[in-house]
Every structure is written in structure tokens, then in C-alpha cells.
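Asker: Handing you a structure now.
None of the figures in this text is laboratory data; all of them are computed from the coordinates on show. As the structure is a prediction and not an experimental result, all values here were calculated from the model. Positions of Cβ are generated from backbone atoms using ideal geometry, with glycine treated the same way; all protein chains shown enter the neighbour counts.
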Amino acid sequence: METTAGAMSGVRVVDLTSVFMGPWATQMLGDLGADIIKVEAPEGDCTRSIGPCGEEKLGPLFLGLNRNKRSIVLDLKSPKGREALLRLVKDADVLAYNLRPQSMRRLGLDYETLARINPSLVYIGMFGFSQRGRYAPQGAYDDLIQAATAVPQLVAMAGDGAPRYVPLTIADRSVGTYAFGVICAALYARERSGLGQRIDVPMFETMVSHILGDHLFGETFVPAKGSFGYPRLLSAQRRPYRTKDGYACCVIYTDNHWHGFLKAIGKADLYHSDPRLKSITTRTAHVNELYGMVSDEIATRTSDEWSVVLGEADIPFFKMHTLESLLEDPHLKDLGFFGETDHPAVGRIRQMAVPSEWHGDARLKHRHAPRLGENSREILREAGYDEAEIDSLMSAHPANPVSEAYRTEAARMS
């Protein structure tokens, strides 16, 4: 493992999160140098078992959400497991969780209890709904939050009329990214005050602000000056355009874009003669017809031809990737964005680079996603347990032991 001096180096996070949202947030902290202690129940994070190598509890989703972390198995429902967690919290900077707050209280891991042990602790919860409203007790997953924030309706309005979920864990990853920023801000605030605090990041309210930031639109005003929905985003014509040999995207948005596009297709006079093109306000009101016109024009040439023509007009253009071609993207190859590494349990795997590019002394670390409980002993030693105490604690949940061969290989690679 590479020694790091990342921006978050020296920050210790006790990570009680699982599935997507929380692990995404804490992985970003780990990528920047934080020590992430992933606390797992004896059965482990359920994403371990999804997809190829799920039987080894190292499936692709888990590998992509849990690099740069250490794993410890603790049964928080047992007195010994809870006591071990409290000892970890004593020296932690952050405790992150995505259990419902009611569950944290039942476990005796509420903020008030932990703040008495560590007043400087940043205690951050990522869960479904604000605890100040009637939905407070409800659990949530990405699909549910998409439905709750009208995402399927928007897909239906822009498509064939059938409500569908966006085929991404868009709520989990959006809220997780927001939580990452909130954690960094809370640590910055603690630098000034010396005190930690409890912070809630609810999925529902966070995504409502995302969705209605675009689509409150005419209902922004009281009384309303129009309907919900940003027309450009809901246009059926807002899609990759078919070219003679494939599909491509071009964004014709500003006055300069439209002037350049019309000139490129030999219709420059339309810019002044067509009242729909007068301003961004009129273009938005007539977006379907105008994007339809663009679609018809784009179909007359190949993607490479449009790349040249629109590039000369300084109009953003990109050929549509498939998932397969994205792995071969030449720009990403320039960066070495897709790398390969040897994981001691599952062999050669592909990993993506951390997308932020730090130009100071902020070397990023690499630690493979851990086997279940891989680091239990070292973490317990750091918490002050002796070997007999560790043996006693670990004997309560011996499932998925880390083999000696695996330990040897992991040590060789670190």
C-alpha cells in the first residue's frame, strides 16, 4: 500500500454504512487519505454478495464502493461488540451511519451517548427522511427515493409516457456525494470550534432540492407564472441525435451556438428571421420544434463530419459512447483512468482513478477492498485490546475467516 499525504490524511472515520450511499461517501474520504474503519455485522455488507465473486463476498459493486478501507466484524447487538465500537469512537474524528436513527438509539449508539465519550466527534447520519416530519421512521432505498421525488414521472414526460427509474443508483450516489461535502465542511467547522456535532443528511429532502432545482420552474413564482418542468430537459427531442453512421450529442444552447450552427448548415438568415430563435427565452418555449430541426440536420452527415463542422463552430459535440467503447476512450487512456491491480482474494481487477486531480502534495493511496473482517485484529490492537481479548471477541463470530494464504498475499502486496 502506498504511503499517502492526502488531504484527509490523519482523519479517522468509523464507518457503519452499507449498500451504496454511505460507502460511496466514505470511499471518497478514504481516497483522499482518511483511515476508514468499515464496521460490518458478521454476515457482512450485502453488496459483497452481488454479482461475480459474490460467493467470495467480493462482488464488483462492493469492490467499487469500498477501496481504501479496513474491515472489522463486530456484532453491535452484543455487549462486547458495542463496547469495542465505543472504544473505536473514542479516538475517531467521524462516525458515519446509514441505519435509521431509531436503530442507532436502540443500539445505544445515539449522538448524546457517543458525544460524552468523544465531544469532538462528527456524527453524521445518511438515511431516508428528516426526523422532523411524519416520514421519519420509514426506511428508504434508491428506487423508493426516485419514486418519492417524481423522477419516474419526469422520465415518462420526456419519453414514451411510461414511468421508469433512471438506471443508476442516482439518489444513493447524489446524496452520498453531498454527504461527503458535508463531512468535510463539518471537519472544517470543528477546526475552529473544537467541537463535533450531529448532522443528518436525509435522502428525500436532498433529492427534492436536486429535482426541483430544475423542475420547479414556473411554480417558483407565487402566483405561478407557468407549470412545473424545465422544457429543455423534458423535450422528447433532447436525446442523442442519429447521424448517418451512429449517434452523437451536440449542445446548441447559447446565442453563439445557434448562430454558429445555422451558419454551418447554410441557414444563417434564420437566426434573425425566425422569431423562435430571438433569445434563450423564446428558444426554451419552442425547444421541441427547434431540437427537431437540429435532429433532422444531424441525420444528414456522419459523426466524424459533424465533429469537424461543429468543432469549427465551437459547438460542444461528442460521439455517443457505449459501455464497451467507454473502456477504450482515448482521452481516458491518456490519463490512465482505467487501471488494473491484483486483489489478493479475487485476482486481477479493473479500477477507476480518483477523478479529482491534485497538483500539490496530495498523493492518493490505494488499498484493496477488504475481505470481511480482514483487519479486525489490527484495529482491535489499535483500540488497546490484548491478544486474549481479541481472541475472545472474535470467537463469537468466526464466519468467513481470512485464510493464512490470503494474509500472506495481502501482506506481500501492501
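Asker: For 120, 303, 325, what's the fewest-to-most ordering of other Cβ within 10 Å of each Cβ? All intermediate terms of the calculation are to be shown ahead of the outcome.
Answerer: Working: 120 14, 303 19, 325 10.
Ranked by crowding around the Cβ, least crowded first: 325, 120, 303.
Asker: Strictly over 27 Å apart at the Cα level, which of 57/77; 225/263; 38/80 would you flag in this model?
Answerer: Numbers: 57/77 22 Å; 225/263 34 Å; 38/80 17 Å.
Exceeds cut-off: 225/263.
Asker: Over segment 241-319, what per residue volume does the convex hull of the Cα atoms give, in whole Å³?
Answerer: Values: hull volume 5.8 nm³, N = 79.
Convex hull of Cα atoms, per residue: 73 Å³.
Asker: Calculate, in nm to one decimal, what residue 324 and residue 134 gain on full extension: separation in residues at 0.36 nm each, minus their alpha carbon distance.
Answerer: 63.9 nm
Asker: Please work out the Cα center distance from segment 279-307 to segment 12-37, rounded to the nearest Å.
Answerer: Each part's Cα centre sits 43 Å from the other's.
Asker: What Kirkwood radius, in Å to one decimal, follows from the Cα pairs of the chain? Before the final figure, lay out the partial values.
Answerer: Details: mean 1/r = 0.0408 Å⁻¹.
In the chain this quantity evaluates to 24.5 Å.
Asker: Report for the chain the percent antiparallel among DSSP-assigned beta bridges with both residues inside it, nearest 5. Could you put the intermediate results ahead of the total?
Answerer: Values: 11 of 34 bridges.
Close to 30 percent.
Asker: Whole-Hz ³J(HN,Hα) for each residue in segment 232-243, computed from phi via Karplus 6.51 cos²θ - 1.76 cosθ + 1.60 with θ = phi - 60°, x for glycine and proline: what do you get?
Answerer: So the J values, rounded to whole Hz, are 4, 6, 9, 5, 5, 8, 7, 6, x, 8, 6, 9.
Asker: Can you compute the charge dipole magnitude of segment 201-245 about its Cα centre, using +1 on each Lys and Arg Cβ and -1 on each Asp and Glu Cβ, nothing else charged? Give it in debye, rounded to the nearest 20. If you can, show how the numbers build up before the last one.
Answerer: Working: 6 positive and 4 negative charges, 78 e Å.
Roughly 380 debye, rounded to the nearest 20.
Asker: Checking a compactness column here: for segment 48-133, what do you get for Rg(Cα) / (2.2 N^0.38 Å), N being the number of residues? Show your work: numbers first, answer last.
Answerer: Values: Rg = 15.1 Å, N = 86, 2.2 N^0.38 = 12.0 Å.
In units of the 2.2 N^0.38 Å rule of thumb, it is 1.27.
Asker: Can you give the FRET efficiency for residue 162 and residue 279, using 1/(1 + (r/R0)^6), R0 = 41 Å, r = Cβ-Cβ distance, to the nearest 0.05? Can you show the working numbers first?
Answerer: Values: r = 34 Å, r/R0 = 0.83.
According to the calculation, E is roughly 0.75.
Asker: Also, quick follow-up: Read phi for every residue in segment 67-77 and hand back ³J(HN,Hα) as whole Hz from Karplus 6.51 cos²θ - 1.76 cosθ + 1.60, θ = phi - 60°, with x for Gly and Pro.
Answerer: Ordered by residue, 3J(HN,Hα) equals 6, 6, 9, 10, 10, 10, 9, 9, 8, 6, 7 Hz.
Asker: Right, another one. Take each of the peptides 137-143, 151-157, average the number of other beta-carbon atoms within 10 Å over its residues, and list them starting from the highest. List each step's numbers first, then the result.
Answerer: On the way: 137-143: 15.7, 151-157: 18.0.
Ranked from most to least packed, the peptides come out as 151-157, 137-143.
Asker: Which whole-number percent is the relative contact order of the chain (Cα, under 8 Å, 6+ apart)? Can you show the working numbers first?
Answerer: On the way: 653 pairs, mean separation 81.1, N = 414.
Value for the chain: 20 percent.
Asker: If eta is 0.692 mPa s and T is 37 °C, what Stokes-Einstein diffusion coefficient results for segment 225-364, Kirkwood Rh from Cα pairs, in µm²/s?
Answerer: Values: Rh = 18.1 Å.
It diffuses with D of about 182 µm²/s by this estimate.
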